[in-house]
Amino acid sequence: MSGRSSVISSDSSASACSSPSLSPFDASDSSGSRTSSFSGSSCSQFDDLTSLKNDAAHEFGSDEMTTIGKPRFDALNFAAQSLHAQSLAIAHASWRLAHHPFTRVAFADALSLLHDTIMPSTGRPGGKIVWTGVGKSGLIGRKLHATALSLGVPSCFLHPVEALHGDLGCVTPHQDIVIALSYSGGSPELVALLPHLERRGVKTVAMCGRRQEESDLGRASAAWIDCRTTISDDEEIEMEEQDMPVSTADVLPSLIAKKQLQQSESNWSISAKAPRPLLVDHHEASPTRLPAPTSSTTVALAMGDTLLLTLAQMCDLDAVVFGRNHPGGKIGEAIAPTLV
């Protein structure tokens, strides 16, 4: 079988750009080497490139092109859908915090506990926030710990496994508060830590993607922060009745995006040899997709940042405190003139 270059006519190659453009979707020839594709009149003419791909598909045959060139996988559309799914999860979380009574009360309860820990109204000394979590949730916890320190909020990170092997000593009994991150609310490492925290008289705030009563972590916690990534059918109807955007502005509605994801997956399944793509929807719970933490960690990070910024305002921790904790980099350079 001839290579990809056989598809290009002499006329089109003569009028093409002098510098060939190599597309990430270009197919390999029979020897496995890459061949570049030329546009008919300009390297920016995608119509010509599409026509060329169609010619190549005819040349190679549809099955071979699925295996070799993968023309059925639209990488840019897939990437846009993935980003949209995460933005949609943030939009849902924002709407619940603004309008859902249960979410609002739970968030307020968490803030009250945290404020009383950092700035107790009694004569006892203030405590710190102890962040804990495993896997990607643990990494989000480490970032939030770093943000807390920069804002002037006393904080540390505790790995739940290391906690059971001596590091539990960083938790001050009857003084600190623990924020535990787990999207499922059932991470065994965290669940194993909970009774030891209770024995130390330390309260726990759960950041998870299930309602408080639906997970072991939530039920054992004194407060809960809603990190769900989806909305129920009733909530979606309520959003529409309030003229609130169910999806972010100027992007595909969630149902259309979901159908496109399903179509993309269907196209890939045509070729048995083609690797399955990492399809991600905003709830990360489809058995036909790899549930890589994306929207869940995005929402957890956003909710954690929101929690800390609000807490800092409640504790009168202003830009001066932040600037003194962050003297380096462009941020420190910008804040330095405002410091006394």
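Each value in this text was obtained by applying a stated rule to the coordinates, not by laboratory testing. Here the structure is a predicted model, which means the values were calculated and not measured. Here the Cβ is made from the backbone with ideal geometry for all residues, glycine too, and neighbour counts use every protein chain on show.
Structure notes:
- Alpha-carbon centroid distance for the pair region 115-163 / region 176-223, whole angstrom: 14
- Residue order, fewest to most surrounding Cβ atoms within 10 angstrom, among Ile90, Ile231: Ile90, Ile231
- Counting beta carbons within 10 Å around each of Phe73, Phe102 and listing the fewest first gives the order Phe102, Phe73.
- For Ser155, the residues whose amide H sits under 5 Å from its own are Ile129, ignoring neighbours fewer than 5 places away on the same chain, with H placed 1.01 Å from N.
- Exposure proxy ranking, count of Cβ atoms within 10 Å, fewest first, for Met207, Met239, Met303, Met119: Met119, Met239, Met303, Met207
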